[in-house]
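The values are calculated or read from the model by the stated rules, or taken from the named source; none is laboratory data. For clarity, every value in this text was computed on a predicted model and none was experimentally measured. A quick note on method: Cβ atoms are made from the backbone with ideal geometry, for glycine too, and the neighbour counts reach across all protein chains shown. With ligands, DNA and RNA removed, areas are computed over all heavy atoms of the protein, side chains included. Shrake-Rupley method; radii C 1.70, N 1.55, O 1.52, S 1.80 Å.
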Amino acid sequence: MKKKGRGMSIFVSIIDGDYHESAEEANTAYRQLSAYIDYKHCEGVAEIIVARSISDGFRSIVQIMGLGNLKPNIVVMRYPEIWRRENLITQIPSSFISIINDCIIANKAIVIVKGLDEWPNEYQRLYGTIDLYTGWILRDGGLMLLLSQLLLARDGFESCKIQVFCIAEEGTEAEELKADVKKYLYDLRMQAEVIVVTMKSMEAHSEISPNAKKDPQEEYASAQDRIRAYLSQMKETAQREGRPLMEDGRQVVVNEEKVEKFLYTMLKLNTTIVKYSMMAAVVLVSLPPPPLNHPAYCYMEYMDMLVVNVPRMLIVRGYRRDVVTLFT
């Protein structure tokens, strides 16, 4: 993700605990992380943070990491596919949302990598397309375009071609939108095929793709059942204790109609991705910001609905600053 290897990378690991008690553990973790960075032939420095929680540790990182004006502007993290494990289901969703919100407040771009184990190593090559899904390509400052170009510069993706899928609202002039995006790409001297997908056509493509490993409709129904059970348990606990709905120490507002709408939107987007991009080398999609006051558990269900059946995905949120210009 660095053009020709230039730029600074900081590899950070957070240890839960008290610094006085975990100082030796932190030193050991630092040596292990530094050795792993060298083993992977990455250029960067290791940092270990000891904090009382993942959220507190990341909040410290996002505020102080760097030197003067030389501060990281992109936060990259792995999608937590193990979040449903019994000992993690209460911890990971709240930490995940906290990190995303902290990045938004600090004006950091976010790249969440799904399917990290499926990514090619230095000896493997992928063929096909790099597919970008976005409402309008400038909303993230062109970060997805930049990432696609950086991927093409890597040996594992150099044989791929770029496809840009623009998600348009109903009533949008599809041809006009397509012409605008193609002109934008032409001005930047970027070669990519532009495809406009309307919300109506997304509905039409909600049938099951023969390439899908899991049935999206079944995943959707299961997610609905889990969300209903979770919300019901929250309400019962709140009534029993005579307090408002709380999650992780903060009050939440549950509008079940909005929860259902958000989950259904993720289903439509996922079925569209699977329809058009099942054979893509990698898919890039805009990160939906966490809805205000929705339970963190519900947001993780939304995200799981978005990524199902997609082996490799980059979920991207820019920092509202152009990273791709005529002079890039």
Name every residue in segment 225-245 that is more than 12 Å from TYR297 (Cα to Cα) and not hydroxyl-bearing (Ser, Thr, Tyr), in order of residue number. ASP225, GLN233, LYS235, GLU236, ALA238, GLN239, ARG240, GLU241, GLY242, ARG243, PRO244, LEU245
Give segment 74-86 a look and list any residue that's open to solvent by less than 30 Å² (accessible area, probe 1.4 Å) and of a type outside the set (A, V, I, L, M, F, W, C), or say none. TYR79, PRO80
Could you check segment 248-276 and list, in sequence order, the residues that are farther than 30 Å from ILE54 by Cβ and either in contact with a Phe, Trp or Tyr (Cβ under 6 Å, 6 or more places away or on another chain) or not aromatic (Phe, Trp, Tyr) (or both)? GLU257, LYS268, THR271, THR272, VAL274, LYS275
Out of GLN124, GLN63, GLN32, sole residue that is assigned to a helix (DSSP H, G or I), in contact (Cβ under 8 Å) with a residue 24 or more places away in the chain and open to solvent by 40 Å² or more (accessible area, probe 1.4 Å): GLN63
Residue pairs within 8 Å by beta carbon, gap of at least six or interchain, first lying in segment 169-183 and open to solvent by 100 Å² or more (accessible area, probe 1.4 Å), second modelled with pLDDT of 85 or more, listed first then second, are GLU175/VAL196; LYS182/VAL194
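Within segment 140-150, identify whether any single residue is assigned to a loop (DSSP other than H, G, I, E, B) and modelled with pLDDT of 85 or more, and answer yes or no.
Scanning segment 140-150 turns up no residue that is assigned to a loop (DSSP other than H, G, I, E, B) and modelled with pLDDT of 85 or more.
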In segment 84-110, how many are within 17 Å of the chain's Cα centre (by Cα) and more than 22 Å from PHE11 (Cβ to Cβ)? 6
Do we have any residue at all in segment 207-215 that's open to solvent by less than 50 Å² (accessible area, probe 1.4 Å), of a type outside the set (Gly, Ala, Ser), modelled with pLDDT under 85 and not in a helix (DSSP H, G or I)? no
Would you confirm whether any residue within segment 87-104 is in contact with a strand residue (DSSP E or B) (Cβ under 8 Å, 6 or more places away or on another chain), buried (at least 18 other Cβ atoms within 10 Å of the Cβ), among the small types (Gly, Ala, Ser) and in a helix (DSSP H, G or I)? yes
Within segment 4-19, track down each residue that is out of contact with any Ser or Thr (no Cβ under 9 Å at 6 or more places or on another chain) and within 13 Å of ALA51 (Cβ to Cβ). VAL12, SER13, GLY17, ASP18, TYR19
Could you say which residue among ILE162, ILE99, ILE130 is within 14 Å of VAL283 (Cα to Cα), without any contact (Cβ under 8 Å) to a residue 60 or more places away in the chain and touching a helix residue (DSSP H, G or I) at 6+ places or on another chain (Cβ under 7 Å)? ILE162
Looking only at segment 230-249, count every residue that is among the small types (Gly, Ala, Ser) and surrounded by 10 or more Cβ atoms within 10 Å (Cβ to Cβ) and tell me the total. 2
